[in-house]
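In what follows, a single structure is set out as structure tokens and then discussed.
The values are calculated or read from the model by the stated rules, or taken from the named source; none is laboratory data. Not measured: the values here are computed from a predicted model. All Cβ positions, even for glycine, are placed from backbone atoms using ideal geometry, and neighbour counts span all protein chains on display.
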């Protein structure tokens, strides 16, 4: 039986602790775990922490930490995804699967054809929701380093950020492909919305040093394009076999 993995936003260097409310509710009400059951905890420091449940009540779950070990599940490729926000649950899906595939960080982007209006408190709540999706994806995929959902940016601000990473975006008429790229350890991948970037936006991206690459002859939805590109990059430069 697989031991459940739980993200805990706390230091895990104590011998015992009370889990935060959200983690406790998941263990008690969803998983219906009992005293004596085994858990695996992680907090983003790269380690897995073995734990046993000492006490379960309606309001609290107490655990004892019995050991820790480094978790070598991180890719050697540092991949920062800039994803234009899409409608409905497509953005949630793209974030979840990108984390499973090993991205290091994600920046939500606004572009001309974004079609999603978010600002102020609504944007802040959405960012918190996306970070929770990251935590769940790490629990499921076995990662113990937790990618950050960085503050959402307008495309022009993203393009202006200084970086030494290899900068890539998708372009249906590009001559370069992932197979023709030179080896890179740090990549900044920009994915557009449904309908793609406007001509002006693509011109600005190329002027900012982004290299256009093509994935193939078919037109992909935005979430499919992101996951296909990440998978191909991990296969070429990362840890997918």
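Just give me the residues in segment 173-199 being more than 22 Å from residue 162 (Cβ to Cβ) and outside any loop (DSSP other than H, G, I, E, B), in sequence order.
Once the filter is applied, which keeps residues that are more than 22 Å from residue 162 (Cβ to Cβ) and outside any loop (DSSP other than H, G, I, E, B), segment 173-199 yields 176, 178, 179, 180, 199.
Looking at segment 97-124, which of its residues are without any contact (Cβ under 8 Å) to a residue 40 or more places away in the chain and assigned to a helix (DSSP H, G or I)? Step through it out loud before you land on a result.
Going through segment 97-124, the residues without any contact (Cβ under 8 Å) to a residue 40 or more places away in the chain turn out to be 116-124.
Those that are without any contact (Cβ under 8 Å) to a residue 40 or more places away in the chain and assigned to a helix (DSSP H, G or I): 120, 121, 122, 123, 124.
Please go through segment 200-229 and pick out each residue that is within 15 Å of residue 83 (Cβ to Cβ) and in a loop (DSSP other than H, G, I, E, B).
210, 220, 221
When residues of segment 224-241 are filtered for being at pLDDT below 95 and either surrounded by 20 or more Cβ atoms within 10 Å (Cβ to Cβ) or touching a strand residue (DSSP E or B) at 6+ places or on another chain (Cβ under 8 Å) (or both), how many remain?
Residues in segment 224-241 being at pLDDT below 95 and either surrounded by 20 or more Cβ atoms within 10 Å (Cβ to Cβ) or touching a strand residue (DSSP E or B) at 6+ places or on another chain (Cβ under 8 Å) (or both): 0 in total.
Test of understanding: among 178, 213, 149, 191, which residue is under 30 Å from residue 69 (Cβ atoms) and not assigned by TED's automatic domain parsing to the domain that holds residue 22? Step through it out loud before you land on a result.
Working: 178 fails: under 30 Å from residue 69 (Cβ atoms); 213 fails: under 30 Å from residue 69 (Cβ atoms); 191 fails: under 30 Å from residue 69 (Cβ atoms).
Sole residue among the options that is under 30 Å from residue 69 (Cβ atoms) and not assigned by TED's automatic domain parsing to the domain that holds residue 22: 149.
Scan segment 19-35 and tell me whether some residue there is in contact (Cβ under 8 Å) with a residue 40 or more places away in the chain and either closer than 30 Å to residue 117 by Cα or not assigned by TED's automatic domain parsing to the domain that holds residue 136 (or both).
Yes.
For segment 214-229, give me each residue that is within 21 Å of residue 114 (Cα to Cα), touching a residue at least 12 places away in the same chain (Cβ under 8 Å) and touching a helix residue (DSSP H, G or I) at 6+ places or on another chain (Cβ under 8 Å).
Those that are within 21 Å of residue 114 (Cα to Cα), touching a residue at least 12 places away in the same chain (Cβ under 8 Å) and touching a helix residue (DSSP H, G or I) at 6+ places or on another chain (Cβ under 8 Å): 221, 222, 223, 226, 227, 229.
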